[in-house]
Amino acid sequence: NVIFEDSRQGSQLVAQEIADLIRQRAASGQKCVLGLATGSSPIKVYEELVRMHREEGLSFKNVATFNLDEYHPMERNNIQSYHYFMHQHLFDHVDIDPLNVNVPDGMVPLEEVKEYCRSYEGKIEEAGGLDFQLLGIGRTGHIGFNEPGSHLNSATRDITLDHITRVDAAPAFKGLDNVPRKAITMGIGTIRKAKRIVLLAWGQNKSEVVKETIEGEISSEVPATYLQEHGNTTFVLDKEAAAQL
Ligand code: GLP
């Protein structure tokens with residue numbers, strides 16, 4: 001684990017790693033496949049990547065992205081959607097090819113969700129798998145939207161959101177009743193196949209789940225504990241999130 005004075009410093013280091021990977025892959029004529037996360041935790045990483053694009057000429061032309069999750073049902077253009085979030089914080093400000101951007105579709109009809117999830121999974125594999133997966137963590141110990149009870153080998157699927165997750169999302173939706181009950185998320189199995197994983201956690205209200213994730217027994221009760229068995233995962237924390245370690 002790496003512990004930083006504050007989230008700005010931690011985010012800069014992570015953005016630098018991503019930029020190095022993108023450039024290294026471009027130099028050998030290869031695509032760089034990034035798994036991306038939403039929420040407040042990765043915002044400064046995206047800010048830094050946008051800055052590098054503007055000031056250092058970092059190009060996203062060889063980058064393909066797969067987002068972890070999306071609420072369901074959720075329209076793309078809704079300002080609460082993860083689709084909107086990603087465009088607002090990253091995609092609209094860099095030179096990525098829109099055809100290389102993948103965010104789960106929150107409007108897939110229920111009867112097509114299974115097939116849709118299978119094809120999302122297939123697209124990741126076709127792209128050569130995730131070179132790098134960025135993660136935040138929810139207070140329930142979820143990564144993506146893999147809530148407690150998620151299986152180690154779970155794939156992209158629709159899930160029912162935990163009550164705590166919905167409570168945490170309520171302010172953004174102006175009330176609990178407006179928070180969708182379901183979501184589509186990459187699975188734990190999908191995430192674990194990434195060659196490199198970086199989990200970000202900032203602030204005191206993550207300190208408890210960070211402790212459980214890093215020091216607790218591996219269990220589906222705290223799905224993030226599955227990362228303990230991934231050989232190339234780093235937890236990037238600020239002092240507050242690391243306070244209970
Ligand atoms: C949501 C997202 C997760 C994210 C979590 C924490 O539940 N689906 O991917 O990690 O929120 O969000 P934040 O970074 O805002 O604390």
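The values are calculated or read from the model by the stated rules, or taken from the named source; none is laboratory data. Computed from a predicted model, the values in this text were never measured in an experiment. Positions of Cβ are backbone-derived with ideal geometry, glycine not excepted, and every protein chain shown enters the neighbour counts.
For region 218-233, give me each residue that is surrounded by 17 or more Cβ atoms within 10 Å (Cβ to Cβ), assigned to a loop (DSSP other than H, G, I, E, B) and of a type in the set (A, V, I, L, M, F, W, C). Hit for region 218-233 is VAL222, nothing else. Which number in (1) away from the ligand (no atom under 16 Å from the Cβ); (2) surrounded by fewer than 18 Cβ atoms within 10 Å (Cβ to Cβ) marks the one condition that VAL101 misses? Failed condition: (2). The residues in region 156-190 that are hydrophobic (A, V, I, L, M, F, W, C), surrounded by fewer than 17 Cβ atoms within 10 Å (Cβ to Cβ) and over 17 Å from MET74 (Cα atoms) can be counted, and the count is 2. Scanning region 16-61 for residues being surrounded by 14 or more Cβ atoms within 10 Å (Cβ to Cβ), aliphatic (A, V, I, L, M), more than 16 Å from the ligand (Cβ to nearest atom) and closer than 28 Å to GLU126 by Cα gives a total of 9. For the structure I just gave you, tell me whether THR140 is in contact with a helix residue (DSSP H, G or I) (Cβ under 8 Å, 6 or more places away or on another chain), over 17 Å from PRO42 (Cα atoms) and modelled with pLDDT under 95. Judged against the criteria, THR140 is a match.
Taking the numbered list (1) near the ligand (Cβ under 10 Å from one of its atoms); (2) surrounded by fewer than 19 Cβ atoms within 10 Å (Cβ to Cβ) in turn, PRO148 passes all entries but (1).
Residue count for region 188-234, restricted to those that are under 14 Å from GLY138 (Cα atoms) and among the aromatic types (Phe, Trp, Tyr): 1.
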